[in-house]
Amino acid sequence: MTELFADNDYLQRMHNAEQGAEQYLSFSLGDEEYGLEILRVQEIKAWDRVTHIPNTPDYIVGVLNLHGSIVPLVDLRLRFGMSAREYSPTTVIIVLNVLGETKRNVGIVVDTVNDAYDVFPEEIRACPQLGSTIDTDFISGLVSMDDNMMMILNIDRLLSVEALG
Amino acid sequence: MSIDISQLHDAYFEECFECLDVMESEIFGLELGMADKKAIDTVVSAAHSIKNGASTFSFKMVSDFSYIILMMLDEIRTGQHEVTEALTNLLLSGVEALRELLISVHKNSEIDYVHLADIRQQFEMMMVGDIELELFSESIIDNKLESEVNDAIVGWEIDFHPNSHFFKTGNDLVQLFGELENLGELTVEVCDDNLPPLFDLEPEDNYLSWKLTLCGNIAKADVVEIFKPVESDCKLTITPLIDSTIKQVTRVEQMVSKLEPHGELINPIIDIEDATAPIDNPEKQVTRVEQMVSKLEPHGELINPIIGIEEKTEITSQTTTLSESTVASIQIETDKIDLLADMFSELVATQSMLSQMGENFSPEMLPKLIDGLAQLERNTNEVQESIMQIRKLPIIDGQIIRVANENYIIPLISVIETLEVKGTDMKYVSGEGELYKLADEYVPVIRLYKVFNLKPNITDIEQGLVVIVENDNQKVALFIDDLLGQQKAVIKNLETNYRGVFGVSGATILNDGMIALSIDVAEVIALYRDPSLAKMAKHNDRAA
């Protein structure tokens, strides 16, 4: 796999794309690495003040003003039952296009954004029942990396109106 | 070195007048019946030289007007018209009007637009094909506007820097200024920045310069003329003084006049509203549009580039019975109005095209007519949609409040008053909570941080404020930390990207870019009575 990840190797990427590879954006929550389809990413931005929404689950951090539209923000650590982490200017917000009945914008708060990877569909393995705190419904597959594993999120399920509570 | 094209103007006008003479004599010589092709060709080529020259020198009016004559001639040449007395008279009056126009352009004097439009209309009536003439009517308007901009010049600002030897050559400044004063109101401001210390001063040299403001309807040439004798002894810059009011109004007038070429501005809009679409209250819509249009019209008052449009905000059930409606003024950027104006002008153009088609209807025009009608419908829908977009924005006058580090906005319409509270005015009822004695009644106190489950900064009622709000004839006191400013707010719903939240009617972006949630007083009261409502996800039915 490594040779596919040669950094910024534009030609290699072009080639991969022709071969059917899709790009995924990977990010970290603690030691875990997650990925999501890069085409769903609307914007990546630094932490900014948000407005709290009353009487919502704790992982709904609030709403933020994204070029005039009101976008809810989900703390994925809290959503996945991990310990909270203080927000700082280095905290990263990824604003996503979520498809459901309508197209919505939802922001997620993550620890760090890592890289964009080319992934071929055949490299994605089905997700075993993990028995973890994370509902495997939200994971659409696993991609193994050198010494790690990237969990590919199904953001349409994870961030659906119903799932956000 | 660049060529000053205006030097060629005189030659051009001379040629034009020759051409006009040729045209006139040829038209005079036309015999009734089928047109003499050769004579028509001569007239056409003369008209062509006028038009081509006009395009070269960008005399748009001239080229457009000769174009009209050319179109007519073309129809005669292709045998669509027989030469009649009426036709020759029309052509002659066309040539005459063109001559007058050329004279006006040459002498830079006032153009008689009314007369030109009249002649143009006569041509239009005579002609078979007529659609392309729309272009022409617009150019008349545009040209008119240009001349209005010229009208906006209310005077001249003259930077006058005489050389150091100015006075040695016997120039008389007093006489010079006196002559300027004869032209209009003169203000003289002397600039002595370059004046050296007394001992360095050369008594016969000039160190001064002047800034002159000459107000009045004065031709630049007249000003230049006065300075001619001293031309070689000074540096001179003459810039026009533009009446800023007129400048800005012109833009608006342009929009309005674009809307108005057919004299009936409001009617087509009303037709739209009647003809299409499920509007809950058409009458109201029409008044809205009329309001907007009438706002566009007063020419003198539109100095601010943002045009205020009165918006009657609709009051929904959660607000008080006290006032049925409130008038909030929202600000709409001029480009939105421009867009609307453009749409209207397109609509009017299409409509007039159709009515022209209807007058000389023939079966082969049917496809065109159908296209035109479809176009009309599309235009109509566009206009309607964009009006609805403006209409739909729920605007409130809001009071911004602070509760536990968060800002909220309360619709001013539900606010009665805001008070500081003394502990002695409070009454505590077990199980019922707190009551505040307001005049002769007790109103329940709702601590907003409690219903919204926020971590409070202030819990002592004497340190905060209460906002008395009313809903459905019932008063309650909302306990808050502080009052911030008031502002008009466009309420956006949370459902677009999230879901409805109980107690909150939507969100607005404050002047500093932060979001404030707007408080739904009725729902807050409901939440206070039954906190379990908070768990209920609000459904989309209330969303616009």
Against the definition (in contact with a strand residue (DSSP E or B) (Cβ under 8 Å, 6 or more places away or on another chain) and within 29 Å of A:ILE53 (Cβ to Cβ)), how does B:GLU470 come out, yes or no?
yes
Checking the structure you have, find out if any residue of the range A:106-124 is surrounded by 13 or more Cβ atoms within 10 Å (Cβ to Cβ), more than 14 Å from every other protein chain (Cβ to nearest Cβ), among the aliphatic types (A, V, I, L, M) and part of a loop (DSSP other than H, G, I, E, B).
yes
Could you tell me whether A:GLY35 is within 14 Å of chain B (Cβ to nearest Cβ), small (Gly, Ala, Ser) and either crowded, with 16+ Cβ neighbours inside 10 Å or touching a Phe, Trp or Tyr at 6+ places or on another chain (Cβ under 7 Å) (or both)?
no
Counting only residues in the range A:66-83 that are at pLDDT below 90 and within 12 Å of chain B (Cβ to nearest Cβ), the one surrounded by the fewest Cβ atoms within 10 Å (Cβ to Cβ) is identified as A:HIS67
Return the pairs, sorted by first residue and then second, in which the second residue is of a type in the set (Asp, Glu), the first residue lies in the range B:341-364 and is over 20 Å from B:PHE123 (Cα atoms), the beta carbons are less than 9 Å apart, and the residues are 6+ apart or on different chains.
B:MET343/B:GLU382; B:SER345/B:GLU138; B:GLU346/B:GLU382; B:LEU347/B:GLU382; B:VAL348/B:GLU260; B:VAL348/B:GLU264
Between A:GLN42, A:GLN19, which is in contact (Cβ under 8 Å) with a residue 40 or more places away in the chain, within 14 Å of another protein chain (Cβ to nearest Cβ) and over 20 Å from A:GLY81 (Cα atoms)?
A:GLN42
Just checking, how many residues over the range B:64-115 are of a type in the set (Asp, Glu) and either under 35 Å from the mean Cα position of the chain (by Cα) or in a loop (DSSP other than H, G, I, E, B) (or both)?
5
Given (1) surrounded by fewer than 16 Cβ atoms within 10 Å (Cβ to Cβ); (2) closer than 25 Å to B:MET127 by Cα; (3) without any contact (Cβ under 8 Å) to a residue 60 or more places away in the chain, where does B:LEU92 come up short, assuming only one miss?
(3)
For the range A:4-94, which strands (runs of 3 or more DSSP E) that fit wholly inside it have 3 or more residues that are among the hydroxyl-bearing types (Ser, Thr, Tyr) and under 19 Å from the mean Cα position of the chain (by Cα)?
A:22-29
Looking at B:LEU483, B:LEU517, B:LEU465, B:LEU478 in this structure, which one is modelled with pLDDT of 90 or more, farther than 27 Å from A:ARG104 by Cα and in contact with a Phe, Trp or Tyr (Cβ under 9 Å, 6 or more places away or on another chain)?
B:LEU465
For the range B:454-492, enumerate the residues that are closer than 20 Å to B:LEU527 by Cβ and among the polar types (S, T, N, Q).
B:THR459, B:ASN471, B:ASN473, B:GLN474
How many residues are touching a Ser or Thr at 6+ places or on another chain (Cβ under 7 Å) and on the phi > 0 side of the Ramachandran plot when one looks only at the range A:76-132?
1
Candidate set: the range B:505-514, residues that are within 7 Å of chain A (Cβ to nearest Cβ) and surrounded by fewer than 24 Cβ atoms within 10 Å (Cβ to Cβ); chosen: the one nearest to B:TYR449 (Cα to Cα):
B:MET514
Does B:ASN497 meet the test of being surrounded by fewer than 19 Cβ atoms within 10 Å (Cβ to Cβ) and within 13 Å of chain A (Cβ to nearest Cβ)?
no
Checking B:ASP130 against (1) buried (at least 16 other Cβ atoms within 10 Å of the Cβ); (2) over 28 Å from the mean Cα position of the chain (by Cα); (3) modelled with pLDDT of 60 or more, which single condition isn't satisfied?
(3)
Which one of the conditions (1) surrounded by fewer than 18 Cβ atoms within 10 Å (Cβ to Cβ); (2) under 14 Å from the mean Cα position of the chain (by Cα); (3) under 19 Å from A:ASP31 (Cβ atoms) does A:ASN97 fail to meet, given that it meets all the rest?
(3)
Residues in the range B:499-517: is at least one under 37 Å from the mean Cα position of the chain (by Cα) and among the basic types (Lys, Arg)?
no
What is the residue count in the range B:4-31 for residues that are surrounded by 11 or more Cβ atoms within 10 Å (Cβ to Cβ), farther than 17 Å from B:LEU73 by Cβ and of a type in the set (A, V, I, L, M, F, W, C)?
4
For B:VAL524, state whether it is farther than 27 Å from A:ASP48 by Cβ, within 13 Å of chain A (Cβ to nearest Cβ) and of a type in the set (A, V, I, L, M, F, W, C).
yes
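The values are calculated or read from the model by the stated rules, or taken from the named source; none is laboratory data. Source: prediction; values computed, not measured. Counting neighbours? That spans all protein chains shown, and the Cβs are built from the backbone with ideal geometry, glycine included.
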